[in-house]
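**Student:** Here you go, one structure.
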Amino acid sequence: MTIAQFKIFIISFVYFTGGLLFSVKGQESWPLNFLPGLAQSSILNPAVQNKTDKLVIGLPVVSGIHFDWDANINLNSLSSNNFKTYDVGAFYNSIEKTGDGSFSGNISMFYASLKIDDWNFTISLSDRVNATTKFDSDIVKLIRDGINNYYGANENVGSAKFDFLYYRELAFGFSKKIWKQMDVGIRPKIYFGKFYFETHNTNLLFETDTENRELLLKPEGSFTLSAPVIYNSGADKNFINFSANVLPGDYFFNLRNLGLAVDLGIVFRPNKHYEFSASVRDIGFIGFKHNTFNVDFTDPIRYNENNLYQSVNFEESHYLEPREALKALGDSVSYIISVENANIRTFTSIPVNINFSGKYNFSKTLSGGFSNQFFYLAENSINQFSGFVHSSIKDKFEVAGSLTLYNFSKFLVGFGGSYSTSFSQIYFSSNNILGIFQATTTKNLNLCFGINLLFTTKNY
């Protein structure tokens, strides 16, 4: 990573904490549980068995793409004119006192499912991303207005929190029909940590040095970074920049940043009409030490009183566009931080997902019920309670509709469907279908879609 690339990274970080990334540790809801004809519905509950009676192979990448974001900010609040321009003022006016959001994504690299008698086996390889951000709105105000107004005062601007986690997941699922009424399942997982970023007590404040006629912008706190880079220092041992340190083993499976997790599930059918299921997902952790660094903010950024700028009116003196001001801030960051290799392993947990559902089968082709998904990770907990209706049409079409109560505060309308032939399946599902058509204005959205190949196997 060159110094220019590192500056871009820091600038991106500032944007993210300012709220441009509406989303480590985002909650990943899963709307495919409303489509039981799909083998991937077992991702929410490892006890669910493949109902196709065929070997299901998911195509790389297109076998399953899922993303999910939740935020108190609209995507288009920063931009106008179809994202051709940006408006920090409009963005500031649209956010609450504290902006926050979470994002999660999952791209399937490989998926396979096969049912043999009372057993069901799955194997999956996927790349997963989780992110969260939380920030005081006065940080956005600083970007909007510039630093002129802070000269002569000592003021705390506010705090910002940003976490980002990217890892590869290898999972092996096993489901067993114990008796006609009950299936149980377990899915052990191995995590390979690829990128990790977490801030610690980060805060911005201004101080005025009247003796030297300078305004000091003082970032406080620290962050942990794990990435395929090494840091370079000068003769005085001060940090200069990061440079790339990409090894093939780190790209495919980073065995030096490992994690373990497990999913547990159960399905109970007391009779032909009722079905209940429960599961717990992602009980586990990832440990980072290889290419992991502890970074501290050690010095302030100094502005001479003659170099102060404002970003409000381009017709007035000392105007600096907000985007250029952020770039200048990025140019200064490498001079105000210290970097050290992490001496101990850093452990981070994955958001635990607890699920419970029940449904009533009106007939072989029509069912309805409820589902509750709870995601827990400290202050970022989310609960989604859904009622749903599912219908099958001539063994080829499968459709489902849902109404979800999100965090007991708003209702979301969901829809999903799949089409199967003798050799393939195509599917999509969302808990907020209206948000897809208004993606830039919605604050909550998820979407799953993919393609499966079906192979007939001999009867066991």
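Let's see how each residue does on (1) at pLDDT below 75; (2) in contact with a strand residue (DSSP E or B) (Cβ under 6 Å, 6 or more places away or on another chain); (3) among the hydrophobic types (A, V, I, L, M, F, W, C):
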{"position": "Tyr231", "(1), (2), (3)": "no, yes, no"}
{"position": "Gly234", "(1), (2), (3)": "yes, yes, no"}
{"position": "Asn238", "(1), (2), (3)": "yes, no, no"}
{"position": "Tyr251", "(1), (2), (3)": "yes, no, no"}
{"position": "Asn257", "(1), (2), (3)": "no, yes, no"}
{"position": "Val262", "(1), (2), (3)": "no, yes, yes"}
{"position": "Asn271", "(1), (2), (3)": "no, no, no"}
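**Student:** Return the residues of region 177-205 that are over 24 Å from the mean Cα position of the chain (by Cα) and among the charged types (D, E, K, R); say none if nothing qualifies.
**Tutor:** Of everything in region 177-205, those that are over 24 Å from the mean Cα position of the chain (by Cα) and among the charged types (D, E, K, R) turn out to be Lys177, Lys180, Asp183.
**Student:** While we're on this one: When the residues of region 281-316 are filtered to those that are of a type in the set (S, T, N, Q) and in contact with a helix residue (DSSP H, G or I) (Cβ under 6 Å, 6 or more places away or on another chain), which remaining residue is surrounded by the most Cβ atoms within 10 Å (Cβ to Cβ)?
**Tutor:** Checking each candidate, the answer is Ser311.
**Student:** Looking at (1) hydrophobic (A, V, I, L, M, F, W, C); (2) surrounded by 16 or more Cβ atoms within 10 Å (Cβ to Cβ); (3) farther than 30 Å from Asp118 by Cβ, which is the one condition that is false for Ala153?
**Tutor:** Of everything listed in (1) hydrophobic (A, V, I, L, M, F, W, C); (2) surrounded by 16 or more Cβ atoms within 10 Å (Cβ to Cβ); (3) farther than 30 Å from Asp118 by Cβ, Ala153 misses just condition (2).
**Student:** Still on this structure, please answer the following. Just to be sure before I move on: is Asn82 modelled with pLDDT of 80 or more and of a type in the set (S, T, N, Q) in the structure I sent?
**Tutor:** no
**Student:** Report, by residue number, each residue of region 119-159 that is aliphatic (A, V, I, L, M) and within 25 Å of Val312 (Cα to Cα).
**Tutor:** Of everything in region 119-159, those that are aliphatic (A, V, I, L, M) and within 25 Å of Val312 (Cα to Cα) turn out to be Ile139, Val140, Leu142, Ile143, Ile147, Ala153, Val157.
**Student:** Name every residue in region 112-126 that is within 14 Å of Ser41 (Cβ to Cβ) and either surrounded by fewer than 17 Cβ atoms within 10 Å (Cβ to Cβ) or under 21 Å from the mean Cα position of the chain (by Cα) (or both), in order of residue number.
**Tutor:** Ser124
**Student:** Tell me which of these Phe174 doesn't satisfy, since it passes every other one: (1) farther than 30 Å from Asn50 by Cβ; (2) within 30 Å of the chain's Cα centre (by Cα); (3) surrounded by fewer than 19 Cβ atoms within 10 Å (Cβ to Cβ); (4) not aliphatic (A, V, I, L, M).
**Tutor:** (1)
**Student:** If I ask for residues that are buried (at least 22 other Cβ atoms within 10 Å of the Cβ) and farther than 14 Å from Val56 by Cα, which ones from region 96-111 would you list?
**Tutor:** Passing the criteria: Gly99, Gly101, Ser102, Phe103, Ser104.
**Student:** Among the numbered criteria (1) surrounded by 17 or more Cβ atoms within 10 Å (Cβ to Cβ); (2) in a helix (DSSP H, G or I); (3) of a type outside the set (Phe, Trp, Tyr), which single criterion is violated by Ala278?
**Tutor:** If we test Ala278 against (1) surrounded by 17 or more Cβ atoms within 10 Å (Cβ to Cβ); (2) in a helix (DSSP H, G or I); (3) of a type outside the set (Phe, Trp, Tyr), just (2) comes out false.
**Student:** Count, please, the residues in region 381-435 that happen to be over 26 Å from Val352 (Cα atoms), of a type outside the set (Ser, Thr, Tyr), at pLDDT 85 or above and surrounded by fewer than 19 Cβ atoms within 10 Å (Cβ to Cβ).
**Tutor:** Total satisfying the criteria: 8.
**Student:** Also: For region 191-205, indicate whether the set of residues that are more than 30 Å from Ile286 (Cβ to Cβ) and in contact with an Asp or Glu (Cβ under 9 Å, 6 or more places away or on another chain) is non-empty.
**Tutor:** Yes, that holds for at least one residue.
**Student:** Within region 333-362, restricting attention to residues that are farther than 19 Å from Val229 by Cα and of a type in the set (A, V, I, L, M, F, W, C), which residue is surrounded by the most Cβ atoms within 10 Å (Cβ to Cβ)?
**Tutor:** Ile350
**Student:** Here is a follow-up. When both residues are 6+ apart or on different chains and their Cβ atoms are under 7 Å apart, which pairs have a first residue that lies in region 203-220 and is under 21 Å from Thr133 (Cβ atoms), and a second that is among the small types (Gly, Ala, Ser) and in a strand (DSSP E or B)?
**Tutor:** Sorted first by the residue in region 203-220, then by its partner, the pairs are Asn203/Ser159; Asn203/Gly221; Leu204/Gly158.
**Student:** Return yes when Phe242 is at pLDDT below 90 and touching a strand residue (DSSP E or B) at 6+ places or on another chain (Cβ under 6 Å) and no when it is not.
**Tutor:** yes
**Student:** How many of the residues in region 281-310 are of a type in the set (Val, Ile, Thr), more than 30 Å from Asn372 (Cα to Cα) and assigned to a strand (DSSP E or B)?
**Tutor:** 3
The values are calculated or read from the model by the stated rules, or taken from the named source; none is laboratory data. Everything numeric in this text was worked out from a predicted model, so none of it was measured. No Cβ is skipped: glycine too gets one built from the backbone with ideal geometry, and neighbour counts run over all protein chains shown.
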